[in-house]
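Have a look at the structure below before the remarks.
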Amino acid sequence: MPSTFTRCCPRLGAARVAAGLIGALLLSASVSAEPETTGPGISAPVSPADIAETLLDQLAAAEDEATARALETRVREIWQRSGSDTADLLLGRAGSAFEREDYARALQYLDTIVALRPDFVEAWNMRATVYYMLDEYDLSMSDIERVLSLQPRHFGALSGLGMIFRELNQPREALEAFRRALAVNPFLENARTSVDRLEVEVEGRPI
């Protein structure tokens, strides 16, 4: 789940972040994330999940934003692949419905995907985002829990969890969630801005 949504100005700005990330995911679907698995010195195929874990290790240690952005893109490309052409097609349609703000249609697609591929992290993550757009925080948090059970380092879900806690006026829990997101992706802009603000509110630190 990317971040927060519409009704007042902060939520509108976060909605743009959410929509932008959904758009980035849709664009990444056309980019191959398949690794080179044959050739000299390669004895066995490496799974996309294993590659994602290696990339996440590198992302956590990234020393500059450009490196972090490149690694983040590669991770998202892998997460976007379910292993099922049908599920991937439906995810693209769900993303298009999301961009049109047709959340009911997006949910129909996403419900089908998670039934077909219950281990598909991005389907749960996108559904959490849709539920959040609908102010269904309990349902959104339930899907985020599912995401994190499948991929504990899903920085988008961790950031989304922080946004929910902030909406629920639980700043300490929000701060913890955003810090967890930054531990995975240290250049995640929305999380960094949120941590800076929440540290003042929770811990009294100056900006």
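The values are calculated or read from the model by the stated rules, or taken from the named source; none is laboratory data. Bear in mind the structure is a predicted one, so any value in this text is a computation, not a measurement. No Cβ is skipped: glycine too gets one built from the backbone with ideal geometry, and neighbour counts run over all protein chains shown.
Within region 36-49, the presence of a residue that is of a type in the set (D, E, K, R) and either modelled with pLDDT of 75 or more or in contact with a helix residue (DSSP H, G or I) (Cβ under 9 Å, 6 or more places away or on another chain) (or both) is excluded. Here is the figure for region 163-207: residues that are under 12 Å from the mean Cα position of the chain (by Cα) and not in a helix (DSSP H, G or I) total 2.
When the helices (runs of 4 or more DSSP H) confined to region 74-162 are screened for residues that are over 29 Å from residue 179 (Cβ atoms), those reaching at least 1 such residues are found at 85-99, 103-116. Annotation note: Cβ proximity below 7 Å between a residue of region 99-126 that is touching a residue at least 12 places away in the same chain (Cβ under 8 Å) and a residue that is of a type in the set (Ser, Thr, Tyr) (sequence gap 6+ or interchain) occurs for 116/84; 116/86; 117/82; 117/84; 120/82.
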